[in-house]
Amino acid sequence: MDGQAIKDGLGQTIKFLRAKRGLSQAKLAEKADMSITFLSTIERGLKFPMPDILSKLAKALDVEVFELFKADLAPQDNKELVRKLSEDMAKSVNLAMAAIVKKYLG
């Protein structure tokens, strides 16, 4: 595995864990005591953080540092998952809105 693949995998895993915990980049950056810009560069695989930053990220995400390098945690291609989630959310919102309209407007 080359250096760029490691950075990409780390970034994907951090982004996945952040989303799984319902944290925005701003909130995770705050919890890990770093700038949003730096967190974004890590998530995009552009920068590799120093060990102290890795430790802060792991603590903020409530995982051990080694878990940040478990590439199997983060899906490699989220596009299909995001598309399906978006469709399901849209259906749920539409059903909820229809129920509200029916309840209040008959």
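Which value in nm describes the separation of the simple spin-label points at Asn94 and Glu30, placed 7 Å from the Cα toward the beta carbon?
Result for the modelled spin labels: 3.6 nm.
List the lysines whose alpha-carbon lies under 19 Å from that of Lys20, not counting same-chain residues fewer than 8 positions away?
Partners found: Lys31, Lys56, Lys59, Lys70, Lys79, Lys84.
By how many nm would the segment from Ser55 to Phe38 grow when fully extended, if each residue of separation counts as 0.36 nm and the alpha-carbon distance is taken off?
My answer for the length gained is 4.6 nm.
Test of understanding: what is the full-extension gain from Leu46 to Glu87, defined as 0.36 nm times their sequence separation minus their Cα-Cα distance?
Difference between extended and current length: 11.7 nm.
Below 12 angstrom from the Cβ of Leu39, what's the summed charge of the other residues (Lys, Arg +1; Asp, Glu -1)?
Here the count lands on +4.
Expected output is a single nm value to one decimal: the length gained when fully extending between Asp62 and Ile6, i.e. 0.36 nm times separation in residues minus the C-alpha distance. What is it?
Here the answer is 18.1 nm.
Among the lysines, which have Cα under 21 Å from the Cα of Lys103 when same-chain residues fewer than 8 positions away are ignored?
Lys91
A short reminder: the numbers here are calculations on the coordinates, not readings from a lab. Just so we're clear, the structure is a prediction, and the values are computed from it rather than from any experiment. Cβ atoms come from the backbone with ideal geometry, glycine included; neighbour counts cover every protein chain shown.
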